[in-house]
Every structure is written in structure tokens, then in C-alpha cells.
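Notes follow the structure.
The values are calculated or read from the model by the stated rules, or taken from the named source; none is laboratory data. Quantities reported herein were computed from a predicted structural model and do not represent experimental measurements. Here the Cβ positions follow ideal geometry from the backbone for every residue, glycine too, while neighbour counts run over all protein chains shown.
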């Protein structure tokens, strides 16, 4: 291995040279990470990470799903059963099992992120395999015990300027407070993710709403509920939040009359709502959240289209986020209409759309973002956050909505060590795309330099109001 | 800037050299423009175009939608409100605003068409920006006042052999008559577009049908209505028309019994039809139009899949065609069945299919056109009339239906000055595609030369019976 | 012509050189053909093939559909009407007609397969056209009369290691028995394709089920019917079958209670079931077949998404498989859920999914196969079994499910002479894909060599348990 300095660049020498020049000018830019899932506790407590398997394998559903798809049991990768049964293998056994199957990742971004992390953080330039699994395990285990590899030190080593976490509406943000009061220079901001108090089909919905109302001293009415959201948004905003995030099964939005919305709220809260009403309520809440964003300036992110927990026996045994979320066809042109009718023409609002259905890029998303002042396109997401996925995102959106209706890169990860690898991949792929436009004379190299900087840094910072 | 002679060609030197040879042999071919939206009055009256903003910006929804998406008000781009309120800024102010935002178009076809027009028509080789906006405005304003830049002179300068306009069924085609009786050598032909008398949900439908019947002396019966269409088609054909065009929300077709069709006609004409009946009537009329094409030989074009006027407040203020038409998922395999069952096996009929849902190219459209004798595929359309869009069109259709079930290029534009730029782009992209097939030995260069000529000229001329 | 040794490789010299090295190492590997439609009688009887038109044109719907789409009558290509009317033209006349239209195939895989066959089997290196049609006809006619071009000799010449046929559930497999008892070294295995006894909308369904029950001595009950399948599967397995195949209109699966399934069976057998019940029954049978695969180890293939016989007048005149099957949008994420809930987590089961809707590759199929242990992805199929189609398959699946959740190549053909051409094309396209990953440093060349061998040989052999 040893990472090649020209990786992911065009193969043709002239285009490659252009890509290299573009990349060299942005490779060292600070990282803006406006959407992700790292733990605020890491920055607050600054403890050493646990063993290599717990760092790289067990919590990473990209890693475990691939091995599971080839017959490896999740238990053998350290994933614990919900009922607490079974004993976890030790980290070394998990690491060996992963090493034995590492060839499965050929051609995947997981492989590239993993090797980038090994080299950039640990100086490891060998390919992992059964023969060197123990040696690499020892080397990593030793390194992560040192102060240089604690979360705050890595924040600086990675060149992070600001990083957003994703936090439930009920979260007390105590770790965020701890970070801010500690005097540390790092900037870690929360994101308001109210799914658990908005989705009537989520487990514990009524209890969650009850807690939300209790926290904010509001009554169980539609206006009390909306005020409770306003209060929590303000609480998040006071702790640095600049955005909200909404992960719904579809992009459906509604714009009911206040009376109808109030009735719907009562029904979903009573537990008597069926799936159609739960869906309508989620849709109504997207529009309400957009209106609140008009009031308080928080940027709104919509992440629709994942069929969560597609595998019921796996969900029963191991719970959510174990690799069994599957994308599905997602309509935007009809689904977003209610929200857009209400707020789409407001240039002071920013709604960032994501998709797991890449057919929507050219057909719906780029045309919508290329028209509505309130809309921007989030980057290629999840299964598409990959070299080919990011290339297709640019090829199918730029011609219709340009670069400036997109918002730079999101790493969207809980794998802290992969953050620089992911941003580096995005910078390389974007520079490769720009280099092709320069090489076939659609852009001048000078403007490609400006664009490369926007894609790597400027657009994310401005779109997320960081 | 200064247009690079190798723009849009493959970057790899061998493939680029092949593309250059192919392109050089077709670059100078006459332009066949079988579908577009230029004004017949231009050719009839041959007046000078107005100021640069009115020529390049205000009427071009590609230009205004991008600025609107980034918060610029349409009023400030000279778009007038329906109610006549507000005062239009002067052309220079609009031009300056456009120049200030010109960077938004990086990576879009609009940028390439605009720069091609500036250079080819005005000899301008600088990139537009705030610093040179006034100077370029003056230069263009001066040039368009000269006789060399009037519509008929440009027709010759652009090398147009024939150009089709798109005209409502009720249009008297007086400008077309004026062109033909003027003795000018240019060939400008109308196209029969009956949407306003076919779509019961269009504003003024019943009035429009009334006018249609009055124009043709037919009674308000199903057979009278059909005969009225026959008469108007003949009227258009006598003025040079070789084609009809149909812009429906979907590709739905129907083939009702005459009795059922007559009942449906009565219902839609009475104004009592709901959306499902309006949709069925549009579908029935596609099949009727196809049957009339069997009779009179007019080529039939179907342009489905646009969600028109998606933005109601913008529509209320500014009307249609302001950048708020959004593509949507479009089914062909079921939708076209009634029409195809009726006439699909007739090799003397030509029905040309377009799409705004590029997922249909490989899945439905190429397989349909690669089987039914009556079907051909129109070129990449609207949001897809772009370098990447046209490349994907070829890559996803050729392997199934070949080149000869496609019909060459349509510029589909109301932006007269962009016509040579659009044809040039299509010729370059097709030559680049062919060059790649030659370079990896799927085609011989000799046959690629024949194909390049067909794609640039021959297929359009034959498919549209020009 | 003369096939170029670098055809289908990347154009850029460095990537081309890598592709060449990868290809050179796999070009000579034996052919594993685990899914196809050659006739078992060919291997059993080993007779000479008939004339060139009957060999290359009349039975090949890829060939006849293209000419039909351009107005050639099927009768003139030797396709016989169902009612026996008309007289077939002689082979030479058909061949001349094909030669006259051969330019239509430019850019299609049919052209590449045809020319590969001409050169590899007959040593013909000229392009077919009107001028040499007679000469080539004579040359081919002469060659196929020789013993060297009989089916068994070609099996060896083509380097086939094993080839699967596709056989109805009622087939007596007598030709397979004859092959096996003949002492010949070739390995020809049947595949259990029960569509005619599973699809209540298929012609003669009830009769077919009656025959199935009679063949196996089972009663007309749900359990008798299931046992009859078990018996026939065992019969096939005893004759070498390692797989079943299921060609349904959709991927819909069901998992009804035994009582509900029994009721549904009675209803469909009675002929009183409507389309929804027929669809539910097909869906139920996919899950039943998957359960039987858990019992007997046969690999299960699902080929959904073709709208069969889309052209009713052509079907009435000429019957099925005449080029009028059209792909349609296909859902997998919801459709497969019942089957996957029942058996998806079983790593000892292999269910291979195909699609004619390539939008499902990245959105649904790769995420499903990258999670469920029982799922694998079949190769690019039918309209997508082409250079661009196979490239897109790799580009849209590998990043999510890697190479090891795919199963190598299927030629899926009834055109015996095209088998080496098709495998060669797949090997070239896969090597080209791998070469690009090596050239931009996503893979090492050493591991690309291992992968090339897996894609060309190993994966198919293991996935199909051959």
C-alpha cells in the first residue's frame, strides 16, 4: 500500500496534473464538518479510545455489514445482543476476523478510509491481512494509549475548524456545555434532531413528547408542542447549533390549517393514529420546522428515503444501526410541494436536501435547487459517499443547478478517525471532476481553483452559517 | 476564455485526435432545427433585436432561474409581473446584475452557449464579469443595431437549412405566410401543437375548443372535434409543417371505443370532468393524433413528464415558463401501451419520444424504440441538453436501439443566438462519444465518420421528413 | 475489422496496459456458464447446425428486433407465423437482408458478438455488408457442415467447463440423460424453471399443474403441490442441476400462513383468481422455493421486471420471445421483504437477484446484497449485458457490496456461437474496470489479478456450487 499521492485523480496525465494542482491548493484547508455523529463526550472528557477493534470495527456498520453479508456473525464482531446474552470476543479476536475478511472491501470506500486512517494516524503502510493482524493490533493499541491520540489532540491533528454533532431534542447538551466551559479552543456544535418527538411511529413517542413538554414547561396542545420545539431550538442555538436535521422515511411534507394540524397532533399523541396519519404528521412537522427556521435562522437538513431496520430478526436481536437500513425510491417533486409552497421562495431560509435515490439528482433535486431560493443540495450521502457516488453527484447536478446550490462536504460519520480520510476523498474527487472540466475546456484552471476552495471549505461554512 | 477548438472532446490524446477529425468533417454542415421556439415574427419582420438584456437574459429561463435560485428577484432581471405592477429596470442594470452573478453558471451548458454566442456573433473573447459588463453591453448593443445581426442575416450566418417553430392549433400562421410570400430563401416551418385544445385542465380550454370549431366550421361533437383537428393539421401542413408536438404531464395514452371517447369529449367540454377524466382525454387524444399522423404523414412528437408551474406564487405573479417546471418520474412502458397497441407496428408512422426522466432511457425508451417500428427517440431534452446529459443519452440508449432509432439533435430553444452554440455542442459531444467507440475499437473510424454525419444532419432531416 | 486485441480496454495508455495484463491472465480460463438457454438436444445429438441464417439470425431476438424496429417484416427474417401461414424465405435471402441492414448494429453488443463469432469460429475478418453477403454465407454454410463445428466439438473449442440449460418443471430431461449416458466428457446441467406451474396467468397453468402432480403422484392439495415441486427439484438435482430460476413480472414475495397459502392455491388452481391473487401466489412460491433451497441446496435465481409480450398483435402472430419484452421499473426493497424476513439471514442459502431496472443497482440491490447473507447479485442482464451496461453495473454496485457479493458472468444466451464472445466481452469489461481502479490507485495490480480471476471464473463456480 502506502497511499499514492495521485489516488482518485484522473488517469490521463494532463488531467491528472491539473487535478494535482487543484488538490495541492486545498489539501491543507481546515475541515468544516457540519453534519456528523461523533460523541460530544469525546471532546468533553478527552479520554483515550479503547482497543483497535472497538475503534475501527464493532461500532462501524460499514465494516460489520460487509462481513455479515458474507456469513460472519455479528456476535463474533463484538456486536452485543440487546438482551445482554452472549459474551463478547476480545478485541484481538475481532481484529483477526476482520483481517481475514479484509479482501472483501476491495473497491469500497471503507477500504480507502481505513487505509488512510492507518497511515495518517498510525504510520502504518502495510495492507492488513491475517499475517500481520497481530502486529498491527499491537501497534495501534499502543498508539491509542498515548496523549497524542486523544480526541482533542486529534481534533488539532486533523485540522478541524468546527464539527457538528447530532443530538436528540431531549438531550441536555451537558457534554457540549462541558466542552465550552473547559476553555478548550475546539468548536463542537450540536444539531437539533427532533425525530423521536416528531415521528409517532418511533418507539416511546408519547413519552418523548411528554418529556419535551415537561422540559419546556409547555402544555400538551398543538401550540404548546410547537412552543416546546421553539424553546429547545433556542436552547440548542444558545449552545452553538446552527442547524436542525430530520431523518424521515419519505420527503413528504404537509401544510395543514392550524385547526387540522391541532387535531392531527391530538390523534398522534393519543396513540390512535395509523401509519397514514403518522406520515402526515411527520410531513406537517417538516413545514413547521421550516417556518421556525425562518424565525430563528437555523439551517434545516432533510435526510429522507431510508427504509430503517429492514431486517426484523436482526433488529430484534441487535437493535438499530447495524447495517440493515436500505435506501428506497424517493419522490421529491410532489412530496416537498407543501413545504415549498409555504416557504420555498424565501431566500433567507436554507433547506438542505439529501437523497439515497440517486435517480432524483438530475430529475428532481437539481431542478428544484436550481429554482427555489430556499433549497440547496447536500452532498452525496451514505451509500453514495464514495468516489463513484460523488462523481455521479457532480455529473448529474452541476449542469442544472451549478456548484453554488450545493453545500460542500459532510462526513456524516461516527468514525472519528475516518474524518480526515473522508474529507480528503471528497476533495480529491471534486478536484478530479474540476480537472476534467478544465481539461476539456469547460472551465479555466483559474476558476477551477476558486471552485475547489469553495467545494472544500467555503460552501459548507456559508451554507451552515458557521 | 476564447473558445478552445478542442472543447468537449475526450482528454486522452488519441481519442481527442479522432474526435477532432470526426468533428472537423461535420462542423460546417447546415443546421437542421426540427423543433424549437423561435418567433416566426422574427423571420417575417426581420427587425433588429432589442437590447442585450432583452436578447440574452430576461426571456431565457435558464438564465433567470439560476439567479432566482440564489436570491435575485425576477423583477430585477426585467421579468414583468402579470398585473403590470412595478417598473422594469433598464437593460444595462439587468446586464450588470447578470454579470455580477455570472460565476454561478460555471459547469453549466448555459455558460458554454453564452460564451459561444458572444464569440461567434460578437467576436467577444473575454469572460463576462462586473469589470467589463458595461463595455460588453455597449459592444453588443451597437452590433445588434446593424443589419448583419438581423434575424434573416443570422439565419444565413448560422448556416440554417430549415427551422421549425412551435405554434398553437389556433394560430393563423400569418407570420409563416408572410415569410413564404416574401420571396426570402429561408425555410421556416410551423409545428402543430394542440395542447391548449386538448388539455381540459389548461386555462380557457372550452373557449379554445370553441374557437377551433369556429375556425374549421365544425360542430361541437366528437367527430366534429376530430375533423377540426384534421383541418387544422392540413392547414399547418400546407404551410410547411411536417410535425406535431404534444407536451403532456405524463405519457399516458388511451384507446377508447368511439362511443366512450365521444362521451368523454362531452364531459371534458362541459367543464365537469375531474383530473382523471382530463388525463384520460389527453391520453385518448395522443392516440387520435397518432392515427391522424398515419393519415397525413405528420411526424408526432411527445414531450411528457414536466410538472408545470410547480411554484404557485411565482406562477401567480409572473406566469408560466419562468423556470419553475420540474421533471418527474415518467412511466412509458404502461403509459404508451394503448397507443402502441393501436399503431405501434406501422413503419410508415414516426412517433418521437422525449423524456425528462433519464432512468427511462435504458429501462424503457431504448427497448421500446428498439422494437416498435413506429417509435424513435428524441435527443436529450431540456435539463439534459448538456454535455453530460447528451453523453449519458448515448451511453444508455445506443447499446439497445442503436443510432438509427434516434433522430439527431433538437435545439428546442427560444434563444435564437444560442442555436449554433447548441448544435455545435451536440456535434462535439456526439463526436466525442463516437471517438471513444473508435478508440476502444468498438467502431471503425470510417463508419464513425458516416455516423457523425447522420447524427449532425441526416437523421434529423429524414426523421422529420424535411 | 479483424478484432483488435485491445478492444474495450481503457484508452489511456497506462490503464490500457494494466487492463491488457489483467486480461491476458484470464482470457484463457475455462468458461463457466451457469445460466443460459442452449438446447440440451444439441449436446445429446451433436448434429450439424443448419444454415447461416438459422444459426445467426432467425432465432436471435437481438438481431430480429433491431431490423423489425426499422421496418423489416419478421416473416422476411424467417420467423414463422403461429398459424403456419406464409412461406419462409430461404436462408440466403434472409442473410442478404440482414447484411443490408447490418449498419444498424453499430454501437451495439450484438455487432461485437457477431463479429467475434465470425472471426473466432469461421476466421472471417471482413465486415458483413451487401457486397460480401453471398461469399460469407457460402463460407459459413460450408464450415458448419464439418464435424469441427458440431456442438460437442465447439464445446471443447470454446473451452467450456460446464454449461447450464434452463428447463421447465415438467421436462423429462431425456436429452440430459442422453448426454450423461453417452460417455462424453462435457458437463451440461439442467436448471429447474417452474414458471409454467407457478404462474397462474401463464397459458395452460391448471393443465401444467395437473401434469406436475401426475408426474410425481401427488394430490391436488397445497402440500401435494409443494411435495411435487420437491420431487421435481430432486429429479433435476439428480441430473446435475445446482440451481433454480424464476422469471416473474415483479420481485414480489409473500409469506402467508400455511392455511392462507392453501386457500390461495385452491383459488388459483380453480381458475377463479384475479391478477392480484395470481401475483400473490407467484410471490408465495418464491418464498416456498427459497425454503426448498434451504432443504436441498439448489441456488435460487430471480429474474424479475420484464413486461412480457408487450406487443399483442406481434404476440398473436408470432408468439413469445420475438423482441417485444420490455423492462419496467422494479422495486426490490419492499417486494423481497417477505422472503428475506423468512430466510434472508441464512448464510447457507444463495439467492441471486437480477434486474432490468438499473436504477435499483445502487439504491436497492447493492445495499440488500451488502447486508443479507443469503443474497448475491447476478451480473448485468439482457439489455444491460453490454460494455456500458456492465461498466455501470460495477460502478454502481462495487462501492456498496464489493465484488464478493456478485457471482461472475452469465451469458444467458440461446446463441451458442456467441458464448465465447459474451464471456470474452465480460472479461474485457471487468478487466477494464479493475484497470481503472489500479490506475487511480484504488487497488494494487496484484489484487486486481486475483479479482479478475474471481470475476472470470471463481465467483460463478462457487456461487452456483459447480
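Numbers for the structure displayed
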{"quantity": "Subset tally (residues that are closer than 21 Å to residue C:332 by Cα and either at the interface with chain C (Cβ under 8 Å from one of its Cβ atoms) or surrounded by 20 or more Cβ atoms within 10 Å (Cβ to Cβ) (or both)) for segment A:323-338", "calculated": "9"}
{"quantity": "Residue match in segment C:440-453 (condition: surrounded by fewer than 24 Cβ atoms within 10 Å (Cβ to Cβ) and in contact with a strand residue (DSSP E or B) (Cβ under 7 Å, 6 or more places away or on another chain))", "calculated": "no"}
{"quantity": "Enumeration of residues in segment B:290-311 that are under 22 Å from the mean Cα position of the chain (by Cα), surrounded by fewer than 20 Cβ atoms within 10 Å (Cβ to Cβ) and away from every other protein chain (no Cβ under 14 Å)", "calculated": "B:297"}
{"quantity": "Residue list for segment A:1-16, restricted to those being under 19 Å from residue C:444 (Cβ atoms) and in contact (Cβ under 8 Å) with a residue 24 or more places away in the chain", "calculated": "A:1, A:2, A:3, A:7, A:8, A:9, A:16"}
{"quantity": "Residue that is in contact (Cβ under 8 Å) with a residue 60 or more places away in the chain, touching a helix residue (DSSP H, G or I) at 6+ places or on another chain (Cβ under 7 Å) and within 14 Å of chain A (Cβ to nearest Cβ), where the choices are C:429, C:438", "calculated": "C:438"}
{"quantity": "Given (1) within 18 Å of the chain's Cα centre (by Cα); (2) more than 27 Å from residue C:77 (Cα to Cα); (3) surrounded by fewer than 21 Cβ atoms within 10 Å (Cβ to Cβ), index of the condition residue C:413 fails", "calculated": "(2)"}
{"quantity": "Positions within segment C:189-220 being assigned to a loop (DSSP other than H, G, I, E, B) and out of contact with any strand residue (DSSP E or B) (no Cβ under 6 Å at 6 or more places or on another chain), in sequence order", "calculated": "C:194, C:198, C:199, C:200, C:201, C:202, C:203, C:204, C:217, C:218, C:219, C:220"}
{"quantity": "Positions within segment A:241-269 being without any contact (Cβ under 8 Å) to a residue 40 or more places away in the chain and surrounded by fewer than 17 Cβ atoms within 10 Å (Cβ to Cβ), in sequence order", "calculated": "A:257, A:258, A:259, A:260, A:263"}
{"quantity": "Residue, farthest from the other protein chains (Cβ to nearest Cβ), within segment B:454-466, restricted to residues that are in contact with a helix residue (DSSP H, G or I) (Cβ under 8 Å, 6 or more places away or on another chain) and either modelled with pLDDT under 95 or surrounded by fewer than 21 Cβ atoms within 10 Å (Cβ to Cβ) (or both)", "calculated": "B:466"}
{"quantity": "Given (1) crowded, with 24+ Cβ neighbours inside 10 Å; (2) within 11 Å of chain B (Cβ to nearest Cβ); (3) not in a loop (DSSP other than H, G, I, E, B), index of the condition residue A:393 fails", "calculated": "(2)"}
{"quantity": "Failed item, numbered, when residue C:201 is tested on (1) crowded, with 20+ Cβ neighbours inside 10 Å; (2) touching a helix residue (DSSP H, G or I) at 6+ places or on another chain (Cβ under 6 Å); (3) touching a residue at least 60 places away in the same chain (Cβ under 8 Å)", "calculated": "(1)"}
{"quantity": "Residue list for segment B:118-128, filter: surrounded by fewer than 23 Cβ atoms within 10 Å (Cβ to Cβ) and outside any helix (DSSP H, G or I)", "calculated": "B:123, B:124, B:125, B:126, B:127"}
{"quantity": "Number of the condition not met by residue A:67 [criteria: (1) within 25 Å of residue A:102 (Cβ to Cβ); (2) surrounded by fewer than 22 Cβ atoms within 10 Å (Cβ to Cβ)]", "calculated": "(2)"}
{"quantity": "Sole residue being in contact (Cβ under 8 Å) with a residue 40 or more places away in the chain, part of a helix (DSSP H, G or I) and farther than 30 Å from residue A:193 by Cβ, chosen from A:23, A:68, A:62", "calculated": "A:23"}
{"quantity": "Answer from C:424, C:444, C:412, C:440 - the residue that is modelled with pLDDT of 95 or more, closer than 25 Å to residue C:193 by Cα and assigned by TED's automatic domain parsing to the domain that holds residue C:245", "calculated": "C:412"}
{"quantity": "Every residue from segment C:102-114 that is farther than 14 Å from residue B:400 by Cβ and surrounded by fewer than 22 Cβ atoms within 10 Å (Cβ to Cβ)", "calculated": "C:102, C:103"}
{"quantity": "Count - residues of segment A:362-382 that are farther than 22 Å from residue C:362 by Cα and within 7 Å of chain B (Cβ to nearest Cβ)", "calculated": "6"}
{"quantity": "Test for residue A:287: is it at pLDDT 95 or above, more than 14 Å from chain B (Cβ to nearest Cβ), more than 22 Å from residue C:359 (Cα to Cα) and under 23 Å from the mean Cα position of the chain (by Cα)", "calculated": "yes"}
{"quantity": "Residue match in segment C:173-188 (condition: in the same structural domain as residue C:240 (by TED's automatic domain parsing), closer than 24 Å to residue C:320 by Cα and in contact with a strand residue (DSSP E or B) (Cβ under 8 Å, 6 or more places away or on another chain))", "calculated": "yes"}
{"quantity": "Conditions (1) buried (at least 20 other Cβ atoms within 10 Å of the Cβ); (2) within 14 Å of chain C (Cβ to nearest Cβ); (3) outside any loop (DSSP other than H, G, I, E, B); number of the one not met by residue A:42", "calculated": "(2)"}
{"quantity": "Residue in segment B:2-17 that is crowded, with 23+ Cβ neighbours inside 10 Å and outside any loop (DSSP other than H, G, I, E, B) present", "calculated": "no"}
{"quantity": "Qualifying residues in segment C:400-418 (those that are under 30 Å from residue C:50 (Cα atoms) and either in contact with a strand residue (DSSP E or B) (Cβ under 6 Å, 6 or more places away or on another chain) or not in a loop (DSSP other than H, G, I, E, B) (or both)) - the one farthest from the other protein chains (Cβ to nearest Cβ)", "calculated": "C:416"}
{"quantity": "In segment A:71-117, the residues that are within 21 Å of residue C:374 (Cβ to Cβ), over 26 Å from the mean Cα position of the chain (by Cα), touching a residue at least 12 places away in the same chain (Cβ under 8 Å) and outside any helix (DSSP H, G or I)", "calculated": "A:72, A:101"}
{"quantity": "Filter pass, residue C:314 being within 14 Å of another protein chain (Cβ to nearest Cβ), part of a helix (DSSP H, G or I) and modelled with pLDDT of 95 or more", "calculated": "yes"}
{"quantity": "Test: residue in segment B:355-362 that is at pLDDT 95 or above, in contact with a strand residue (DSSP E or B) (Cβ under 8 Å, 6 or more places away or on another chain) and more than 22 Å from residue B:390 (Cα to Cα)", "calculated": "no"}
{"quantity": "Residue within segment A:382-395 that is modelled with pLDDT under 95 and not assigned by TED's automatic domain parsing to the domain that holds residue A:114 present", "calculated": "no"}
{"quantity": "Filter result (in a loop (DSSP other than H, G, I, E, B) and within 18 Å of the chain's Cα centre (by Cα)) within segment B:329-383", "calculated": "B:350, B:354, B:355, B:356, B:357, B:358, B:378, B:379, B:380, B:381"}
